[in-house]
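Everything below concerns the one structure shown next.
The values are calculated or read from the model by the stated rules, or taken from the named source; none is laboratory data. Just so you know, these numbers come straight off a predicted model, no measurement behind them. Neighbour counts are summed over all protein chains in view; Cβ atoms, including those assigned to glycine, are modelled from backbone coordinates with ideal geometry. Side chains included, ligands, DNA and RNA excluded: accessible areas come from the protein's heavy atoms. Shrake-Rupley method; radii C 1.70, N 1.55, O 1.52, S 1.80 Å.
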Amino acid sequence: MAGGEQVVRNKQVILKNYVTEGLPKESDMEVREGSIQLKVPEGTKDAILVKNLYLSCDPYMRNCMKKLETSFYVASFETGSPLSGYGVAKVLDSTHPDFKNGDFVWGMTGWEEYSLITAPDRLFQIQLTDVPLTYYTGLLGKFISMLTMLHFSARYFPEGIDIYFENVGGKMLDAVLLNMRVHGRIAACGMISQYNHDRPEGVHNLMHIVGKRVRLQGFLVADFYHLYPKFLEMIIPYIKEGKIAYVEDIAEGLERAPAALIGLFTGRNVGKQLVVVSRD
Ligand SMILES: NC(=O)c1ccc[n+]([C@@H]2O[C@H](COP(=O)([O-])OP(=O)(O)OC[C@H]3O[C@@H](n4cnc5c(N)ncnc54)[C@H](OP(=O)(O)O)[C@@H]3O)[C@@H](O)[C@H]2O)c1
């Protein structure tokens, strides 16, 4: 043990093989045990070593399980390596000026007990620890949906749809396009019905965009990180006053992580699906 740093077990969820068509299976992933030194390696600048507490199961991760040949908004996972995704973690060691031991952070981390993060540019400090830390895997982390929904405040009119918040895609989008009103708007956030297909289903009613002068725009959370402090200012009082009822579906332990991730696509989860790696 160099310099007396502790080496500990590091349980990890590994992608065994790429999954093209259909639902991923638990056997496409493997929970294995490695080891890790609880210290940023000597000479590694701007890195942090974290203990992962809570991991978020997100639909976009299905796209990362494919071998993506063309440029996409996410990258493929590497087979034989741990999955990565959003999570909440505690900093155990740091050579980065913005992070110190004991800080709680949320953002991109590994599906493992401990992660060495060499480019922590996609991590946020958690300042408010008087709301449940698990909320940063969902409500307080993936804030694009909340921001867009609150901004557009979607309404339904029997005469047609003025504003549609798109998260499903495929046949749903086709049906919506038929029913849009003139000058309607579509905020496209995700298309979960397509993620298990190797080739996405076609959309047949696109011409309605022209006839009805519909405006359709895509949104990615990463483009709005600069609004995060403003979002917290708005949302925290609602949480503290109990005006937001937030439901979580919690899987205990990395062993249950593969099933929890797959469950997103079969309607298994009720509320935000997350995995507890450790509670402290
Ligand atoms: N643009 C961005 O930056 C961004 C960021 C985060 C998420 N997203 C997108 O937002 C959407 C929701 O993600 P989330 O994080 O909020 O996850 P989530 O709450 O866990 O949503 C997953 C839910 O999608 C439903 N679903 C699964 N397959 C479906 C299908 N074929 N057709 C219709 N519904 C289906 C299931 O609902 P039931 O249980 O009711 O079946 C499942 O519980 C996804 O499309 C995701 O890609 C986009």
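Under a model in which nothing but the beta-carbon of Lys, Arg (+1) and Asp, Glu (-1) is charged, segment 25-106 shows a dipole of about 80 debye around its Cα centre. Scaled against 2.2 N^0.38 Å for its residue count N, the alpha carbon radius of gyration of the chain is 1.09.
Applying 0.36 nm per residue to the separation of TYR246 and THR266 and subtracting their alpha-carbon distance, the gain on full extension is 5.1 nm. Calculated accessible area for the chain comes out at 52 Å² per residue, all protein chains present (probe 1.4 Å; ligands, DNA, RNA ignored). With 0.36 nm allotted per residue and the present C-alpha distance subtracted, the ILE209-VAL168 stretch has 13.0 nm of extension available. Positive end of the dipole of segment 153-267 (Cβ unit charges, origin at the Cα centre): among GLY184, PHE231, THR266, the Cα lying farthest that way belongs to GLY184.
Along each principal axis, taking the top coordinate minus the bottom one, the Cα set of segment 181-278 gives 52, 38, 23 Å in descending order. If only the Cβ of Lys and Arg carry +1 and only the Cβ of Asp and Glu carry -1, the dipole of the chain around its Cα centre is close to 700 debye. Counting other Cβ atoms within 10 Å, keep those with at most 10, restrict to DSSP loop, and tell me which GluC sites (Glu not before Pro) in segment 160-247 are left. When the GluC sites (Glu not before Pro) of segment 160-247 are filtered for loop state and at most 10 Cβ neighbours within 10 Å, GLU241 remain.
The DSSP beta bridges internal to the chain are antiparallel in roughly 70% of cases.
The GluC sites (Glu not before Pro) of segment 1-55 meeting both criteria, a DSSP state outside H, G, I, E and B (loop) and at most 11 other C-beta atoms within 10 angstrom of the site's C-beta, are GLU21, GLU42. Note on segment 95-144 and segment 187-236: Cα centroid distance 25 Å, given to the nearest whole angstrom. Listed by chain and number, the lysines whose alpha-carbon sits under 20 Å from that of LYS272, ignoring those within fewer than 8 places in the same chain, are LYS142, LYS240, LYS243.
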